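The values are calculated or read from the model by the stated rules, or taken from the named source; none is laboratory data. These figures come from a predicted structure and were not determined experimentally. Reconstructed Cβ throughout: ideal geometry from the backbone, glycine too, with neighbour counts over all protein chains shown. What goes into the accessible areas is simple: the full protein's heavy atoms, side chains included, and nothing from ligands, DNA or RNA. Shrake-Rupley method; radii C 1.70, N 1.55, O 1.52, S 1.80 Å.
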Amino acid sequence: ITTGELIDATLGVTFGLSTLTAAGFGQIFSDVSGVCFGGTVEALFLRMGLPTAQISPEQARSRVTKVVTTFGAACGVVVGCLLGMSTLLLQNRQETEGRKHDAEFQKLLESENKAELKEYMAKLRKELNQAERTLRNSESALVQLAPLVQSDHQAAIAEEALKRLRTFRSTAERPHDWGASEAADQAADKALAFLKTRNSIALGQLPPFPPLPAEREGPAP
């Protein structure tokens, strides 16, 4: 995993390799390392004086011995993989993906092929539309489900999330495209008022949240 992350953050950024490709190269490195150093680890344990199994050739060929050996090897692989995956907690995937986007965009700017640049801008526009619609769906869900909050802790979490989503909506570069409207503000205000006071309110008493707009097809801002 660490090798794959290193490849992704270096060669992946330079040559535009996908994350799965970098992970594949990391797996190759892991397999080769296992072949090269498997015997070395075993020899090290023998030097440490750890006891070895004293069994006869007949016992070594028995079915029970083979099952136990296979089970022990499988458990060792699982434990080793889980320990290796602990490095995922220390990795910054957002930084690597951001560097990939920057490198790809810079390469397109230096290229004379304008079709690739248009395709890249269309891809960014699609991702922006998807992100905006996801955030708007989240705000709408919080507004409509506010009356179902059952504790002060839930109300505090929902209130903080709704405030952040509303702030993003009100400061978006394209507020006329994705719902910085008076109706949305009224629905959010009423939901926030309920979350603060926890007064009884029926689910149908909240004003309807404005419908989602159609995805923008024009040039990106």
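Filter segment 87-100 for residues that are outside any loop (DSSP other than H, G, I, E, B) and open to solvent by less than 60 Å² (accessible area, probe 1.4 Å) and give the result. Within segment 87-100, T87, T96, G98, K100 meet the criteria.
Note on segment 29-72: residues that are in a helix (DSSP H, G or I) and open to solvent by 100 Å² or more (accessible area, probe 1.4 Å) amount to 10. Taken over segment 1-28, the residue count meeting the criterion of being assigned to a loop (DSSP other than H, G, I, E, B) and either open to solvent by less than 50 Å² (accessible area, probe 1.4 Å) or in contact with an Asp or Glu (Cβ under 8 Å, 6 or more places away or on another chain) (or both) is 2.
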